[in-house]
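J.: Quick one: the structure is below, questions incoming.
The values are calculated or read from the model by the stated rules, or taken from the named source; none is laboratory data. The model shown is predicted, which means the values in this text are computed figures rather than measured ones. When we count neighbours, we look across all protein chains shown, and the Cβ atoms used for this are built from the backbone with ideal geometry, even at glycine.
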Amino acid sequence: MYVRNIREIKMNLRSRYRQFREKMTENQKISLDSTIQSRLLALREYAAADTVFTYVSKPIEVDTIALIKAALANHKLVAAPRCVPDSYDMEFFYITSLDDLEKGSFGVLEPIVSQCRKVTDFSKGFCIVPGLSFDAQGYRLGYGKGYYDRFLAEFGGNTVGICYSGCVQWNLPHGYYDKPVDILITEKYIRRMANQQK
């Protein structure tokens, strides 16, 4: 019963925050995305990182295309995820330009395996984490497939969630093994988590 309730709560939250994002005008979104991007690029953790792990954004997500271009211009290694077919796992591949991407799972742009080198070291780096919502402790509400939950359990670098402040709430339901991000960035603030060990 408890599990079913949690599932229903998460489903309702996903619907709410998806609607919030879909109702934004193009100009509003561009403005919020730009502010969030500027805050992220000013982080000391970003400056210190050799490798930036980042999702490639869908239209309702905080735009990461500009972040990818900036990281490449800053001479950083950039790695993007690819969903492994018939599983809930992801692999990351280094990309050197947006031309290294093609439409993959769920219509998301993913690295072209034949022209990209696979990442094998996840002990350090700077990872930009997607989420429909985050809470004040850094826990996230994803899309329900668990790809990033599995990845973050093994990742040893700094993690940063980027999200609109209207999609942040005080507490999200989360499980024992869920891992909060180290830093949360919205258009209004940067929040470093009290549990940040790095």
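J.: Starting from segment 142-155, keep only residues that are part of a loop (DSSP other than H, G, I, E, B), then list their pairs with residues that are surrounded by fewer than 16 Cβ atoms within 10 Å (Cβ to Cβ) and among the aromatic types (Phe, Trp, Tyr) whose Cβ atoms are within a distance under 8 Å, requiring at least 6 positions of separation or different chains.
T.: LYS145/TYR88; GLY146/TYR88
J.: Among what's in segment 147-171 and is in contact with a Phe, Trp or Tyr (Cβ under 7 Å, 6 or more places away or on another chain), farther than 14 Å from GLU45 by Cα and not small (Gly, Ala, Ser), pick the residue that is surrounded by the fewest Cβ atoms within 10 Å (Cβ to Cβ).
T.: GLU154
J.: Hey, can you tell me all the residues within segment 1-55 that are modelled with pLDDT of 95 or more, within 18 Å of the chain's Cα centre (by Cα) and among the hydroxyl-bearing types (Ser, Thr, Tyr)?
T.: Passing the criteria: SER34, THR35, SER38, TYR46, THR51, THR54, TYR55.
J.: Going by the conditions given, is GLY104 out of contact with any helix residue (DSSP H, G or I) (no Cβ under 9 Å at 6 or more places or on another chain), in contact (Cβ under 8 Å) with a residue 60 or more places away in the chain and within 24 Å of ALA66 (Cβ to Cβ)? First the steps, then the outcome.
T.: Working: out of contact with any helix residue (DSSP H, G or I) (no Cβ under 9 Å at 6 or more places or on another chain): yes; in contact (Cβ under 8 Å) with a residue 60 or more places away in the chain: no; within 24 Å of ALA66 (Cβ to Cβ): yes.
When the stated conditions are applied, GLY104 does not pass them.
J.: Give just the number: which of (1) in contact (Cβ under 8 Å) with a residue 40 or more places away in the chain; (2) on the phi > 0 side of the Ramachandran plot does HIS75 not satisfy?
T.: Every listed condition holds for HIS75 apart from (1).
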